[in-house]
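The values are calculated or read from the model by the stated rules, or taken from the named source; none is laboratory data. Values in this document were obtained by computation on a predicted structure and should not be read as measured data. A quick note on method: Cβ atoms are made from the backbone with ideal geometry, for glycine too, and the neighbour counts reach across all protein chains shown. Ligands, DNA and RNA are excluded from the accessible area calculation, which covers all protein heavy atoms including side chains. Shrake-Rupley method; radii C 1.70, N 1.55, O 1.52, S 1.80 Å.
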Amino acid sequence: MPLDVSPSPETKASNRLAVVDSDIHPAVKSLADLRPYVSNQWWEYANTYGFRRKHGSATVEPYPKSAPLACRRDAWPEEGGRPGSSLELMQKQYLDPAGVEMGLLGPLGPTGQGDLNLEFSVAMCRATNEWQRDAFTRRDKRLKAGIVVPYEDGAASAAEIERVGAMSDYGQVFCLTRSSEPLGNRRYWPIYEAAERYNLPVAFHVFGTSGHPVSGAGWPSYYIEEGSGHSTSCQTVVSSLVIEGVFEKFPKLKVVMVEGGFGWLPALAWRLDKLFERMRGEVPHLKRRPSEYIRDHVWVSTQPMEEPENRRHVLDVMEWIGWDRLLFASDYPHWDFDDPFRAFPAGVTPEQHRQICAVNGRAVYRF
Amino acid sequence: MDIGRRSFLSGGATRLGKRPRIMKHCTGSGRTAIIEGGRVVSASSRDATAGENATSDHAAGSFKGAIDCDVHPRVPDILALKRYMNDHWRETVEVRGIEGFESIAYPNNAPLTTRPDAMTGKVRADDDVGRMAKALLDPQQFSLAICNCLYAVQMIRDEHLASAFARAVNDWVRHEWLDRDPRLRASIVVPIQNIELAVDEVNRCAEDKRFVQVLLLALGEQPLGKSMFWPIYRAAEKHGLTIGIHAGSSYHHAVTGSGWPSYYLEDYAAQSLGFHAQVGSLVAEGVFVKFPKLKAVLIESGVTWLPPYLWRLAKFWRGVRLEVPWIDRPPMEIVRDHIRLTIQPFDAPDNADTVRRVLDQLPSEEMLLFASDFPHWQYDGNAMLPSGIDAALRRKILIDNPKAAYPRLAL
């Protein structure tokens, strides 16, 4: 497949913007990449029973995407393997020309997250974390692994954070938005306790297999509904973390919402504030208004960029959220990839652009 | 960057530390005054002013002649419905000890469920037509109000039982409310558990022109765009009925995509997520391609979540429209032409500039319909419309848009 990966003139400039990318997806070439990190017992289990998640599908996703593996068609390595599996192509095609200074990894696919068998989930998450280090972060210091945790088991997740959290190869704790119970539930608190202790932001990336339809309105038919609905999953996460008192309990916790866009956040904050005014008697553990917890603890990544017909609308939303709370994300190598130099609407000033692409990320992640 | 400080935190409600104590004070007239920090700011005092000064100029703050698209008569108890059941179902209720079906969607005594001025001591204004008139319709001088009864028929598992309760609810509304106040209209409650029975109920009630809408819930068993529901839409379109989708759940699923939340506050907050899904479903499944005259009203949805969701839906449509080839124009246009929203609650800060910016995001000015959501406590005092709405838009929201959304209001 012919690829034009030559840097454009603007990206060659020596004074170009350094980019902190909160969402890059590394992939295994095949499951065999994980073999060195999996015990014989679990390797045999994986090959006998396979991955079993709460959507019931043994092979494909229940909602087929519009592109194979939802990836850019130019991101398939010539030597074979999945998009995201070749560090060299990732460097040539994206990291180098875009000037990425730090890229946060979020592995998807056969990571074990959300598997029905919790022990298997623990084993595969650990393997995925070891693999990220050998295949990516040790070979390219710009990349920081996401600690993939078996989030349905809070204690095991905390143990995994404990195991690797002090290493500089790891830059965030990586969870998915669609958990079996709302993520503010106490069963997940050990994750937040450990993340806070290691000063690691917790990323909630869209997708996951909760066993529940994407909203309480039942199972939709189409990927357009499921995909658009990811922003509602993000709202469920933020509502739950705030209302269940996670940020009261863990006052230094930082949360990053990834790949759900950001347009939804102001309306949610306004809604929660109004409801809190009415019914604070039900949630006496909250000492501040929901929007204040959100303002202090929640960052949102910009991808996929909101694209209203009137650009003023998205600028308003960015202002309501706060320019210091937006983080650039590319979602490389997926089909809805955002380019750090082309994705932003006209009207974002160079200073704001720099803030979103670099300054904010440096403040959120461990540098 | 101090610009970041001009975020959704600014311009909001009162700061927590300075929040005035709100007290309820029952007046002799059966109305309730709300007292904040010793100052009366109640609906009562402002209502009186509004009533005296009522003119056709809606910029003056009067709601005279407005069409209220969401008021909630409450079934007081099972006895009220038993009167409208046949012998078989009356006996069923007695023998099986059925005390009634109320869901956790609106706990009776939760602040959100019942505004202070809808209570006189322990007497509620929402379970009697005369008291509702005195508390709302008379002082506000509304011309019409649409009754949406939220009795939890949709929660029932047995479709036959659900059908019996739906019939009873509709007949109760007709006789106890519509027959007793000419300003009232109503929505048809349907046993959504069985589409044939639901269509039967639509057809039965549609003969009475005071039924203007079919009432569905935001969180049901299946998204409402699915073809299994189309016979209901076919019947509605034929009769000139609007589809009303109201906050609430059948509770056949957890209310969020990640299961059951701990607090009622989260349950209510999650209702707006169901509305997202319903808009996506109605658009993607092609309901409005199939039924081009149909309109759907999102009732009690919160409103301000919609534009960002439409940006997202439009972007996905551009990317994956091969999946839904029958959608041959942008979702924004479909929604502009077919979806309407009632204006309470309106999730935004009490800040005219912010409200104007949010309203500008909506695809058209025809989309908002006036509603008090009585007796739910969505606003304080008489602030039934958010600030920042000019006189022309106010007139549209109060009168013109509801008339256009509900063809049967002209009958």
Exercise. Computed on alpha carbon atoms, what radius of gyration and Dmax characterise segment A:321-361, expressed in Å?
Worked result: 10.4, 28
For this session: Choose one answer from A:111, A:48, A:137: the residue with the largest mean-square fluctuation in a GNM of chain A with alpha-carbon springs under 10 Å.
Result: A:48
Exercise. Sequence-distant or interchain residues sharing an amide H contact under 5 Å with residue A:100, placed H: which?
Worked result: A:19
Problem set entry | Inter-part distance where segment B:91-160 and segment B:60-90 are each reduced to a Cα centre, Å | 7
Problem set entry | Occluded residues from segment A:274-303, i.e. those whose accessible area drops by 50 Å² or more once the chain is not alone (1.4 Å probe) | A:274, A:275, A:277, A:278, A:279, A:280, A:282, A:289, A:295
Exercise. Summing -39500 (n - 2.57) over the DSSP H runs of n ≥ 4 in chain A and dividing by its residue number, what mean residue ellipticity at 222 nm do you reach, to the nearest 500 deg cm²/dmol?
Worked result: -9000 deg cm²/dmol
Problem set entry | the protein assembly as shown, dipole about Cα centre (Lys/Arg Cβ +1, Asp/Glu Cβ -1), debye to the nearest 20 | 1160
Exercise. Do the sum for chain B: with -39,500 (n - 2.57) for every DSSP H run of n ≥ 4, divided by all residues, what is the mean residue ellipticity at 222 nm, to the nearest 500 deg cm²/dmol?
Worked result: -9500 deg cm²/dmol
Exercise. About the Cα centre of segment B:113-269, what is the dipole size in debye to 20, counting +1 per Lys and Arg Cβ and -1 per Asp and Glu Cβ, all else neutral?
Worked result: 320
For this session: With N denoting the number of residues in segment A:121-230, provide Rg(C-alpha) divided by 2.2 N^0.38 Å, to two decimal places.
Result: 1.15
Exercise. Working from the pairwise distances between different alpha carbons, so that the mean of 1/r is found and then inverted, what is chain B's Kirkwood radius in Å?
Worked result: 22.0
For this session: Please work out how much accessible surface residue B:305 shows to a 1.4 Å probe, ignoring ligands, DNA and RNA, in Å² rounded to 10.
Result: 20
Exercise. Which of the listed residues, A:70, A:102, A:25, is farthest toward the dipole's positive end in segment A:17-364, when Lys, Arg count +1 and Asp, Glu count -1 at the beta-carbon?
Worked result: A:102
Problem set entry | Using θ = phi - 60° and Karplus 6.51 cos²θ - 1.76 cosθ + 1.60, couplings along segment A:274-286 (whole Hz; Gly, Pro as x) | 5, 5, 5, 4, 6, 10, 5, x, 7, 10, x, 6, 8
For this session: Quick one: Debye curve from the alpha-carbon atoms of segment B:368-411 only, equal weights, vacuum; give me log10 I(q)/I(0) at q = 0.23 Å⁻¹ to two decimals.
Result: -0.86
Problem set entry | Radius, Kirkwood style, for chain A when every pair of distinct Cα atoms is counted (Å) | 20.9
Seminar exercise, completed: Bridge orientation stat for chain B from DSSP, antiparallel percent rounded to 5, came to 25
For this session: Could you pull the accessible area for residue B:289 with a 1.4 Å probe, rounded to 10 Å²?
Result: 80
For this session: Enumerate the lysines that residue A:252 could reach by cross-link, defined here as Cα to Cα under 16 Å, with residues fewer than 8 away along the same chain left out.
Result: A:287
Exercise. For segment B:254-267, in order, what is each residue's ³J(HN,Hα) by Karplus, 6.51 cos²θ - 1.76 cosθ + 1.60 with θ = phi - 60°, in whole Hz (x at glycine and Pro)?
Worked result: 4, 6, 10, x, 10, x, 8, x, 6, 10, 4, 3, 5, 4
Problem set entry | Highest-fluctuation residue, B:342, B:92, B:304 considered, GNM on chain B with Cα pairs under 10 Å | B:92
Seminar exercise, completed: Counting sequence-distant residues (5 or more places) and residues on other chains, those with an amide H built under 5 Å from that of residue A:205 are A:175, A:176, A:177, A:258
Exercise. How large is Rg/Rh for segment B:138-223, to two decimals, with Cα atoms and a Kirkwood Rh?
Worked result: 1.00
Seminar exercise, completed: The answer for residue B:297, listing residues at least 5 apart or on another chain whose modeled amide H is closer than 5 Å to its amide H, is B:243, B:244, B:245, B:340
Problem set entry | Between segment A:226-294 and segment A:122-197, the alpha-carbon center distance in angstrom | 22
For this session: Go through B:215, B:289, B:241 and say which Cα lies farthest out towards the positive end of the charge dipole of segment B:211-329; charges sit on Cβ, +1 for Lys and Arg, -1 for Asp and Glu.
Result: B:289
For this session: State the Cα centre-to-centre distance between segment B:231-301 and segment A:18-97 in whole Å.
Result: 36
For this session: Name the most mobile residue of A:345, A:83, A:150, meaning the one with the largest mean-square fluctuation, in a Gaussian network model of chain A with Cα contacts below 10 Å.
Result: A:345
Exercise. Name the trypsin sites (Lys or Arg not before Pro) in segment A:331-367 that are in a loop by DSSP and that have at most 13 other C-beta atoms within 10 Å, would you?
Worked result: A:342
Problem set entry | Lys/Arg +1, Asp/Glu -1 at C-beta; chain B dipole; positive extreme among B:228, B:160, B:332 | B:332
Problem set entry | Dipole magnitude (debye, nearest 20) for segment A:17-364, charges at Cβ of Lys, Arg, Asp, Glu | 560
Exercise. So what's the net charge close to residue B:157: Lys and Arg +1, Asp and Glu -1, counting the other residues with Cβ under 15 Å from its Cβ?
Worked result: -2
For this session: Counting only DSSP beta bridges with both residues in chain A, tell me the antiparallel percent, nearest 5.
Result: 10
Exercise. So how exposed is residue A:101, as accessible area in Å² (1.4 Å probe, rounded to 10)?
Worked result: 70
For this session: Could you give me the percent of Cα pairs per 20 Å distance bin for the protein assembly as shown, shortest bin first, beginning at zero and ending with the bin that holds the maximum distance?
Result: 16, 48, 29, 7, 0
